[in-house]
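> Below you will find the structure I want to go over with you.
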Amino acid sequence: MSYNVKIVREDLSALFDLKGEKSEMREYLQNFYGPIPLAPNTCNSNGAWKLMYVGPKHWILKAPIDDEDKLVSLLRPDDAPKSLSIVLISDTLTFFSLSGEDASDIMSIATSMDLNPGIFGDDNATFSEVFGLKALISREENGFQFAVDQSFGNMVSDYLERTLAN
């Protein structure tokens, strides 16, 4: 079977792991990010920045790598209140984007998670598994994006290529 899907291994992104109480995180980020997602397993965007609420008191902020220094100066990880944890994790995850009319077919091979739009919509993001590996999954325009530990990037690239083999 031939799939109409484009698979891209993304370049390095600026990533920050943010932990703390919702009210404190909202207050800390409001001056430069705006409203933050407050419902579990949801995300929102501010321009090219994407904030994913992935667990109790846990967010992941993803941005273009060129914005990393700007975000470090805005987030001030070393000067954050002691009740918040802000850690730069840019080199820890490898992201893949799948787009096209058959992106959901490829994702159904990669994960058992129900990614139907009524269940996992445009504003959802969560940790689950892709090819048996812990993965951060979100929906994007015309497809999906997921990230795995960077040490598994080459292996996942190979698995994705194999899903396209006839």
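> In vacuum, with every alpha carbon of the stretch 1-65 counted as one equal point scatterer, what does the Debye formula give for log10 I(q)/I(0) at q = 0.14, 0.18, 0.22 Å⁻¹? Two decimals, please.
Reported log10 I(q)/I(0), two decimals: -0.46, -0.67, -0.90.
> While we're here: Provide Rg and Dmax in Å for the stretch 120-159, with only Cα atoms included in the calculation.
Rg and Dmax of the stretch 120-159, Cα atoms, are 10.6, 29 Å.
> Check Ala135: other-chain or 5+ apart residues with amide H under 5 Å from its amide H, H built from backbone geometry?
For Ala135, the qualifying residues are Ser128, Glu129, Val130.
> How are the alpha carbon pair distances in the chain distributed across 5 Å bins from zero to the largest one, expressed in percent?
2, 8, 18, 22, 19, 14, 9, 5, 2, 1, 0
> Right, something else. Sort out for me the Cα centre separation of the stretch 99-148 from the stretch 52-68, rounded to whole Å.
17 Å
> Moving on. Among Pro64, Leu160, Asn116, pick out the residue whose Cα is farthest towards the positive end of the charge dipole of the chain, where Lys and Arg carry +1 and Asp and Glu carry -1 on C-beta, about the Cα centre.
Projecting each Cα onto the dipole axis, the largest value belongs to Asn116.
> Follow-up. Return a whole-number percent for the relative contact order of the stretch 13-88, with Cα pairs under 8 Å and 6 or more residues apart as the contact set.
Over the stretch 13-88, the number comes to 42 percent.
> Taking each pair of different alpha-carbon atoms in the stretch 85-166 once, compute 1/r for the pair, average those values, and report the inverse of that mean as the Kirkwood hydrodynamic radius in Å to one decimal.
Over the stretch 85-166, the inverse of the mean reciprocal pair distance is 13.2 Å.
> What FRET efficiency comes out for the pair Arg162/Leu88, r = Cβ-Cβ distance, R0 = 41 Å, nearest 0.05?
E(calc), rounded to 0.05, equals 0.80.
> Hey, another quick one. Among the lysines in the chain, how many pairs, 8 or more places apart or on different chains, have alpha carbons under 20 Å apart?
17
Just so you know, all these numbers are worked out from the coordinates, no wet-lab data involved. Source: prediction; values computed, not measured. Don't worry about glycine lacking a Cβ; one is built from the backbone with ideal geometry, like all the others, and counts go over all protein chains shown.
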